[in-house]
Amino acid sequence: RTESIRNICVVGAGYVGGPTAAVLALHHPTITVEVLDKDPSRIQRWESPHLPVHEPGLDTVVRIVRDGAEMTEETILSLSSVPTKRRQNLFFTCESAKSIARADIILMAVNTPTKTFGIGAGCATNMTVFDGAMREVATHAKPGAIIVEKSTVPGGTAERVRKMLSTLRPGVPFEVLSNPEFLAEGSAVKNLTTPDRILIGSAPTPSGRQAAQTLTNLYAAWVPRDRILETNAWSSELAKLVANAMLAQRISSINAISAICEKTGANVNEISDAIGRDVRIGPQFLKAGLGWGGSCFRKDIASICWICESLGLSEEAHYWRQITVINERQRQRFARRVIDRFDGNLVGRKLAILGFAFKKNTGDTRESLAVDVIRMLLEERPAEITIFDPYCREEDILRELEPAIAQVPHGDMSIVKIHADPYLACSHAHAVLVVTDCDQFRLSKRSSMRSDLDSVGGCDVTGTAHTGARSWTHAGVSYQLAPQAKCAGDCRDCHMILAPQSEAIEWPRIAYNMEEPKWVFDGRGVLDVGGLEKLGFRVDAVGRAN
Ligand code: UGA
């Protein structure tokens, strides 16, 4: 039962550890949750008003559990089933020995990247940080503590950890559980508060199952019990890898189809829509683009390949490896199309890259899709490549880019410039390449409803109040009110305005300042091709024959 749990220690104050600890603390005010990290600056950031992880809703949760902030009516409503009787119960610390020794449950949430050296380089998981943290846990944990793998680890790790513990602390009882995280960046708090499922893998022994029950009870405070699955540890560890591999496989499958579309008359977006309506297939993760990026898919597929190879399953390893091969091909084909549109000669051309993060609405540059594209374009020695991303920090972009540019013969970093202003980035460019599906990059065309506004002044994207007309043109772009919009001719009354577009890119302005031939390459298939063409752009979009 959870009454016996007083202290939880989360090892690793990263993307997984921080939000997981905060949500656990939120649902269990009687339990003290401590997040442990070796890096004092990271701990300081978690203790400051500016958290090191930006996730919608996370600030609110942290303010409640870390600072003891009052829960407003709004938060009570949005965080339903959260106990309102509260105390401060989330803490961040570098004092590992004390924190581990106090804990009834220890969650391991340290990073487990792909190995870059020795046997299994590029495939196997680098367990150095995990093993180091485990040794510390083994030294200080109290007898009976439950140790939980949150980090993504190779199958069989729980078994290996059990052996490690029995060597370092012979005769001391510990249980090791696998409880992988399924958080996606940008929706971590939502994934934690309303998970599709919680997976708990344990040893097939009475004490193993009892430990799994304890963790189940902890989650059951807010997760319906039928969403909590108990399995053996191997299944749980492998299921995490398989979930990511299957998502990546769907994207690679549709991307392989996009290659057919580009050579025929088919449109990949229409195909995704058509097949996604089959309930057996479903619509998610069928968006063709430049491939999948991010820190997880590549590493988890590599890990599956390594498992297959270690088991002598070379055909199966080959199957999974192809998913990564197709993923890389997608970027090669895209860069090739850009080069071909300039008759194979980029010398003297300026190319602007919009988007550097691995997916929309995040500043995470790890496994950025832009890196490969930029590397391939640089080989053609353009005059300049500029980059704009509304979310990424310059230092993060440079960290990802510099090693890639170093591989290019005569690769010159001074050709690449990072801009904080999209119009400067695109000014005098011969081509704009949309690499991330950021909402800001879409051509704003349709109106949207804002019922939350009482009064609205001058309102549309053009900055001029509309006049009651249901459609109008500004700078060559057609705007139309949504059919349900009731416009009384005075925006102060109608409550219907175009979506606030202050941050949205003004494509007419970009068109005005670009050089012929004004190409827009849509690497995410998210732009309104017809609308852009009306503005005088030539448009080439992924998955379409143009
Ligand atoms: C992914 C999984 O979605 C999470 O469930 C998992 O917990 C997480 O990895 C992890 O293992 O930590 P994340 O990497 O944040 O989450 O990103 P996704 O939203 O899955 O997107 C991955 C990549 O696929 C992005 O580059 C995205 O732009 C791309 N993508 C996604 C497509 O190209 N097409 C799609 O239809 C969907």
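Odds and ends about this structure:
- Output for region 397-412, where each listed residue is open to solvent by 40 Å² or more (accessible area, probe 1.4 Å), under 23 Å from residue 333 (Cα atoms) and under 24 Å from the mean Cα position of the chain (by Cα): 400, 402, 403
- Counted residues, region 331-364 - those being away from the ligand (no atom under 12 Å from the Cβ), surrounded by fewer than 21 Cβ atoms within 10 Å (Cβ to Cβ) and β-branched (Val, Ile, Thr): 2
- Some residue of region 413-428 being more than 16 Å from the ligand (Cβ to nearest atom), open to solvent by less than 10 Å² (accessible area, probe 1.4 Å) and in a helix (DSSP H, G or I): yes
- Flag for residue 66 being of a type in the set (D, E, K, R), without any contact (Cβ under 8 Å) to a residue 60 or more places away in the chain and out of contact with any His (no Cβ under 8 Å at 6 or more places or on another chain): yes
Quick grid of which residues meet (1) in contact (Cβ under 8 Å) with a residue 60 or more places away in the chain; (2) not charged (D, E, K, R):
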| site | (1), (2) |
| --- | --- |
| 316 | no, no |
| 328 | no, no |
| 337 | yes, no |
| 340 | no, no |
| 354 | yes, yes |
| 357 | yes, yes |
| 363 | yes, yes |
| 384 | no, no |
| 388 | no, yes |
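- Within region 284-308, the set of residues being within 6 Å of the ligand (Cβ to nearest atom), over 14 Å from the mean Cα position of the chain (by Cα) and open to solvent by 30 Å² or more (accessible area, probe 1.4 Å) comprises just one member, 287.
The values are calculated or read from the model by the stated rules, or taken from the named source; none is laboratory data. Bear in mind the structure is a predicted one, so any value in this text is a computation, not a measurement. Note: ideal-geometry Cβ built from the backbone for every residue, glycine included; neighbour counts use all protein chains shown. Calculation scope for accessible area: heavy atoms of the full protein, side chains included, ligands and nucleic acids excluded. Shrake-Rupley method; radii C 1.70, N 1.55, O 1.52, S 1.80 Å.
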